[in-house]
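Undergrad: Got a structure for you, written out below as structure tokens; questions coming shortly.
The values are calculated or read from the model by the stated rules, or taken from the named source; none is laboratory data. Fair warning: this is a prediction, and the values are worked out from it, not measured in the lab. Cβ sites come from the backbone with ideal geometry, for glycine too, and all protein chains shown count toward neighbours.
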Amino acid sequence: MFLISCKDDNILTVNCDETSTSQTKEITGIVGYDVIQTTDCNYLITGISDNKSTLLTKIDASGNELWFKSYDEISGNNWGKSISKTNDEGYIIGAHQNTIIKSDSDGNLEWAKKLNYSVNHFVEDAIQTKNGEFIVVGGTGGDPLTPSQIKGQAFVLRLSQDGNEIQWIKRYGISNTPNDSFWSVVEADDGGFVLVGEKLQNRNFEFYDHFWIMKIDNAGNEVWSKELGGQYWDEAQDIIKLYDGSYIIAGKSFPSKTKGDLWVMKMSQSGEIIWETKHRGGRVQNSPISISVSKDESSIFIAGYGRLPNKEENYILWSLNPTTGEVLWDKVYGGNLEDKGYGVTHTFNEGAILVGRSKSYSTSLKDTNWLVITDLNGE
């Protein structure tokens with residue numbers, strides 16, 4: 001039995017006699033952005049379908065497709081950036097451009113909420129709270145040269161359980177600039193929320209990002225905010241809450257304009273750094289995107305992509321020691337063309353499933369939804 005603590009703080013407690021083997025596979029769609037476990041010992045992937053709509057695909061332990069949904073009936077541009085389990089055994093999908101999607105356990109559409117503001121609100125993550133409502137985070141779009149009070153800001157909103165009512169929305173960061181954004185959110189033990197993302201810093205009229213962690217209360221008011229980083233680009237991409245109420249946060253740090261490192265930290269409930277790790281691994285750049293922590297908190301996987309000198313990006317899987325943050329190993333998957341990993345979850349036999357997009361292994365030489373399944377050592 002292997003158990004996973006999901007990003008939305010739901011716990012999957014299931015007995016699975018999984019016998020999957022390591023493999024790679026092209027599956028339906030253009031991109032897979034996120035992947036989670038299901039209670040029947042399978043996995044769900046969200047991303048972009050061939051019709052450029054939000055997809056939801058259920059696969060078994062060997063990567064075989066059990067069913068596939070493409071929400072073409074939803075108007076406007078939308079594609080699945082995040083997926084979390086809901087209290088009724090369904091799923092909530094953050095679907096990027098102004099869109100949140102709720103499905104039942106079989107992927108059937110229950111409702112879709114469109115955000116109707118003067119500029120686009122790009123939804124990056126959505127979770128259900130303990131009381132059944134939803135918290136949605138992302139960033140606002142728009143041309144920064146056109147005056148607006150909300151363009152370029154990160155946002156967080158609270159949505160009613162039926163998806164009909166926006167109870168409140170808060171925006172943070174510098175307005176009327178290139179985008180600030182929240183990329184991920186978890187519910188804190190006290191009913192507030194911790195959000196991670198990127199916040200712009202204006203230095204001599206050049207904009208660079210800071211690694212941003214913010215705590216808000218249940219009404220969206222700021223409790224504390226940490227803006228970390230150096231002189232270039234630093235972004236916090238994902239966060240998971242541990243049993244003791246602390247957090248694992250992963251992102252990237254650029255010590256120069258051309259070099260990018262994995263940056264991972266463990267942070268206390270009050271925002272103090274317990275440990276932190278930076279790692280380059282011989283690559284020119286690293287872009288960590290997603291974290292998975294095992295139920296017993298003995299294993300941390302981080303997925304993303306990176307680039308060696310004179311090469312295109314490839315998928316990367318990092319394994320970390322949860323106690324110290326030490327990088328135990330990293331593995332690279334991909335070919336000679338551009339391959340970018342975005343989502344990861346533990347398998348039921350302690351390995352990893354990565355999703356993303358690949359040109360190297362596409363039969364059409366265009367982006368394809370590429371699946372990587374590994375054992376506990378990344379093999």
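Undergrad: Starting from residues that are assigned to a strand (DSSP E or B) and more than 22 Å from Leu157 (Cα to Cα), keep the ones in segment 194-209 and report whichever is modelled with the lowest pLDDT.
TA: Checked segment 194-209; the qualifying residue modelled with the lowest pLDDT is Arg203.
Undergrad: Just wondering, is there one or more residues in segment 291-310 that are of a type in the set (Asp, Glu) and farther than 29 Å from Cys16 by Cα?
TA: no
Undergrad: A follow-up question, please. Within segment 99-118, does at least one residue satisfy the condition of being modelled with pLDDT under 95 and either among the charged types (D, E, K, R) or not in a loop (DSSP other than H, G, I, E, B) (or both)?
TA: Taking every residue of segment 99-118 in turn, none turns out to be modelled with pLDDT under 95 and either among the charged types (D, E, K, R) or not in a loop (DSSP other than H, G, I, E, B) (or both).
Undergrad: I want to confirm something. Restricting to segment 261-308 and keeping residues that are in contact (Cβ under 8 Å) with a residue 40 or more places away in the chain and outside any strand (DSSP E or B), which single residue is nearest to Ser246 (Cα to Cα)?
TA: Filtering first and then ranking leaves Gln269.
Undergrad: What's the total number of residues in segment 234-260 that are more than 22 Å from Tyr33 (Cα to Cα) and either among the β-branched types (Val, Ile, Thr) or without any contact (Cβ under 8 Å) to a residue 40 or more places away in the chain (or both)?
TA: 8
Undergrad: Condition first: modelled with pLDDT of 95 or more, more than 15 Å from Val31 (Cβ to Cβ) and of a type outside the set (Ser, Thr, Tyr). Now tell me which residues in segment 75-97 satisfy that.
TA: Lys85, Asn87, Asp88, Glu89, Gly90, Ile92 - these are the residues of segment 75-97 that are modelled with pLDDT of 95 or more, more than 15 Å from Val31 (Cβ to Cβ) and of a type outside the set (Ser, Thr, Tyr).
Undergrad: Please tell me if Phe301 is among the aromatic types (Phe, Trp, Tyr), buried (at least 19 other Cβ atoms within 10 Å of the Cβ) and at pLDDT below 95.
TA: no
Undergrad: Scanning segment 158-178 for residues that are out of contact with any Leu (no Cβ under 8 Å at 6 or more places or on another chain) and part of a loop (DSSP other than H, G, I, E, B), which turns out modelled with the lowest pLDDT?
TA: Only one residue fits best here, namely Asn176.
Undergrad: Which numbered condition in (1) modelled with pLDDT of 95 or more; (2) not in a strand (DSSP E or B) is the only one that Ala126 fails?
TA: So Ala126 meets the others, but not (2).
Undergrad: Looking only at residues that are at pLDDT 90 or above and assigned to a loop (DSSP other than H, G, I, E, B) in segment 1-42, which one is nearest to Ile92 (Cα to Cα)?
TA: If we take residues in segment 1-42 being at pLDDT 90 or above and assigned to a loop (DSSP other than H, G, I, E, B), then Thr38 is nearest to Ile92 (Cα to Cα).
Undergrad: Continuing with the same structure: Pick out the one residue from Asp234, Asp261, Asp238 that is crowded, with 20+ Cβ neighbours inside 10 Å, in contact with an Asp or Glu (Cβ under 7 Å, 6 or more places away or on another chain) and closer than 24 Å to Gly343 by Cβ.
TA: That would be Asp234, the only listed residue that is crowded, with 20+ Cβ neighbours inside 10 Å, in contact with an Asp or Glu (Cβ under 7 Å, 6 or more places away or on another chain) and closer than 24 Å to Gly343 by Cβ.
Undergrad: Also, I was wondering about something else. For Lys266, which of the numbered conditions (1) surrounded by fewer than 16 Cβ atoms within 10 Å (Cβ to Cβ); (2) at pLDDT 95 or above; (3) charged (D, E, K, R) fails to hold?
TA: If we test Lys266 against (1) surrounded by fewer than 16 Cβ atoms within 10 Å (Cβ to Cβ); (2) at pLDDT 95 or above; (3) charged (D, E, K, R), just (1) comes out false.
Undergrad: Pull up segment 84-118, narrow it to residues that are within 14 Å of Gly139 (Cα to Cα) and touching an Asp or Glu at 6+ places or on another chain (Cβ under 9 Å), then point me to the one that is surrounded by the most Cβ atoms within 10 Å (Cβ to Cβ).
TA: My answer is Gly94.
Undergrad: Could you list all residues from segment 330-353 that are in contact with a Leu (Cβ under 9 Å, 6 or more places away or on another chain) and over 27 Å from Cys41 (Cβ atoms)?
TA: Asp330, Val332, Leu337 - these are the residues of segment 330-353 that are in contact with a Leu (Cβ under 9 Å, 6 or more places away or on another chain) and over 27 Å from Cys41 (Cβ atoms).
Undergrad: Report every pair of residues separated by at least 6 positions or lying on different chains whose Cβ atoms are under 7 Å apart, first residue within segment 105-119 and touching a residue at least 12 places away in the same chain (Cβ under 8 Å), second among the aromatic types (Phe, Trp, Tyr) and not in a strand (DSSP E or B).
TA: Partner pairs satisfying both residue conditions: Leu109/Tyr71.
Undergrad: Taking only segment 43-69 into account, find how many residues are under 20 Å from the mean Cα position of the chain (by Cα) and part of a strand (DSSP E or B).
TA: 12
Undergrad: With segment 313-367 as the region, which strands (runs of 3 or more DSSP E) entirely inside it contain at least 2 residues that are small (Gly, Ala, Ser), in contact (Cβ under 8 Å) with a residue 12 or more places away in the chain and surrounded by 24 or more Cβ atoms within 10 Å (Cβ to Cβ)?
TA: Per the criteria, 339-346, 352-358.
Undergrad: Restricting to segment 129-157, name every residue that is out of contact with any strand residue (DSSP E or B) (no Cβ under 9 Å at 6 or more places or on another chain), modelled with pLDDT of 90 or more and over 18 Å from Ile83 (Cα atoms).
TA: Within segment 129-157, just Asn131 meets the criteria.
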